[in-house]
Amino acid sequence: MAEADGDVTLDALRTALRSANSVFVLTGSGISAESGLPTFRGVGGLWRTHRVEELASPLGFARDPELVWTWYNERKAAHVRAQPNAGHYALARLEEAIGDFTLATQNVDSLHLRAGSKRVLELHGNLREARCTGCDARRRFDADGLPLDQIEHFCGGRFRPDIVWFGEPLPPAVWREAEAAAARADVILVAGTSAIVYPAAALATHYNERAFVAEVNPEPTAISGRVDCVLRSTAAELLPQLLGDLELPRPT
Ligand code: OAD
């Protein structure tokens, strides 16, 4: 692992990307920090001021669905108010230049899609749809969120956010695709995640010993000591800089 000189490590990543046929990117809440959205564990992070078990667990939802929806409706409104930042846009541009590109995100804010990324795997679901706990019926909701008087479904179930809560498995098809993409990648780029929530974090370091793995994060993380290069910078600063001088050939 190298963390000595930012230019040297950036050049090493550029070199790896120029010869890469397949690129896998893993992002977390840090990539949306410069869009004004809070992370989970940093200063002002969501899990510093909110109780995970009340807001992000099936038991918490069963106990108080209105509390849970009030919180997710506020988060949804914040997501809609936020704009993708230069980091999101840089990854959308990178996708255009790489034949086999997959972006797996732990975020539920839809900002990668809004920035134009196409091959996005939302590991923890999204806040665009609600699904019924009883019959799996789905309904979309917009910036106003799900009205609290519409939580109960006529089947006897309840609409819940279509996101993955603690103790729940990731959507199997999404996970399989992410595993496969991580395993075949020549370059794995990890941006804006503390890499401590599993299984998502495993995609960075557990499926591929051959890939060049780079981390973009202003702070040390659980995987910093195991990657090939660490770029101690924010996503919105570093990713456009990375793309700036990259001159990748477009896939034919
Ligand atoms: P964390 O809050 O654990 O980590 C955010 C990471 O982003 C930290 O390592 C920060 O240093 C970094 N960071 C902050 N600002 C940044 C910036 N401008 N550019 C780049 N990096 C920056 O959030 P996640 O890793 O996303 O799951 O957390 C993973 C999962 O834990 C979330 O998906 C969520 C949470 O509980 C569920 O809710 C299921």
Residue by residue through region 217-227, the couplings from Karplus 6.51 cos²θ - 1.76 cosθ + 1.60 with θ = phi - 60°, in Hz, x for Gly and Pro, are 6, x, 10, x, 10, 4, 10, 3, x, 10, 9
In nm, to one decimal, how far is the E237 label point from the L67 one, both placed 7 Å along Cα→Cβ? 3.9
Run the quick spin-label model on D149 and R176: label points 7 Å from Cα toward the beta carbon, then report their separation in nm to one decimal. 4.3
Size of the dipole of the chain about the Cα centre, Lys and Arg at +1 and Asp and Glu at -1 on the beta carbon, nothing else charged, in debye to 20? 460
Per residue and in Å³, how big is the convex hull formed by the alpha-carbon atoms of region 142-181? 127
Counting only residues 5 or more places away or on other chains, whose amide H sits under 5 Å from the amide H of D100 once H atoms are built in the peptide plane? V23
Using the beta-carbon distance between L59 and R210 and R0 = 25 Å, what value does 1/(1 + (r/R0)^6) give for FRET efficiency, to the nearest 0.05? 0.05
Cleavage-rule hits, chymotrypsin sites (Phe, Trp or Tyr not before Pro), region 132-169, DSSP coil, Cβ neighbours within 10 Å at most 13: F154, F166
Taking 0.36 nm per residue of separation between E247 and R48 and subtracting their Cα-Cα distance, the length gained on full extension comes to 67.5 nm
Could you tell me which residue out of V120, A191, Q150 lies farthest along the dipole of the chain toward its positive end? Charges go on the beta carbon: Lys and Arg +1, Asp and Glu -1, centred on the Cα centre. Q150
Which percent of Cα pairs goes in each bin when the distances of region 87-204 are cut into 5 angstrom slices starting at zero? 2, 10, 18, 21, 18, 13, 9, 5, 3, 0
What accessible area per residue, rounded to a whole number of Å², is obtained for region 1-92 using a probe radius of 1.4 Å? 47
Accessible surface, region 138-217, averaged per residue in Å² (probe 1.4 Å): 47
Most mobile of R48, R93, R160 in a GNM of the chain (Cα contacts under 10 Å): R48
Amide H contacts under 5 Å for V190, restricted to residues at least 5 apart in sequence or on another chain and with H modeled in the peptide plane, are L26, A214, E215, V216
Whole-Hz Karplus ³J(HN,Hα) for region 45-51, in order, using 6.51 cos²θ - 1.76 cosθ + 1.60 and θ = phi - 60°, x for Gly and Pro? x, 4, 7, 8, 10, 10, 8
Using the Karplus curve 6.51 cos²θ - 1.76 cosθ + 1.60 with θ = phi - 60°, work out ³J(HN,Hα) for each residue of region 152-160 in order, rounded to whole Hz, and write x for Gly and Pro. 6, 9, 5, 6, x, x, 9, 6, 10
Roughly speaking, to the nearest percent, how much of the chain's 1.4 Å accessible area is carbon and sulfur? 52
In Å, the Kirkwood hydrodynamic radius from C-alpha pairs for the chain sits at 18.8
Counting other Cβ atoms within 10 Å, keep those with at most 10, restrict to DSSP loop, and tell me which trypsin sites (Lys or Arg not before Pro) in region 203-252 are left. R210
About its Cα centre, how strong a charge dipole does region 86-143 have in debye, to the nearest 20, once Lys and Arg get +1 and Asp and Glu get -1 at the Cβ? 200
About its Cα centre, what dipole magnitude does region 1-110 give when the only charges are +1 on Lys and Arg Cβ and -1 on Asp and Glu Cβ, stated in debye to the nearest 20? 240
Collect residues whose amide H, placed 1.01 Å from N in the peptide plane, falls under 5 Å from the amide H of A137; neighbours closer than 5 in sequence don't count. C132
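The values are calculated or read from the model by the stated rules, or taken from the named source; none is laboratory data. Please read all numbers here as calculations on a predicted model, not as lab measurements. Here the Cβ is made from the backbone with ideal geometry for all residues, glycine too, and neighbour counts use every protein chain on show. Note: areas computed on protein heavy atoms with side chains; ligands, DNA, RNA excluded. Shrake-Rupley method; radii C 1.70, N 1.55, O 1.52, S 1.80 Å.
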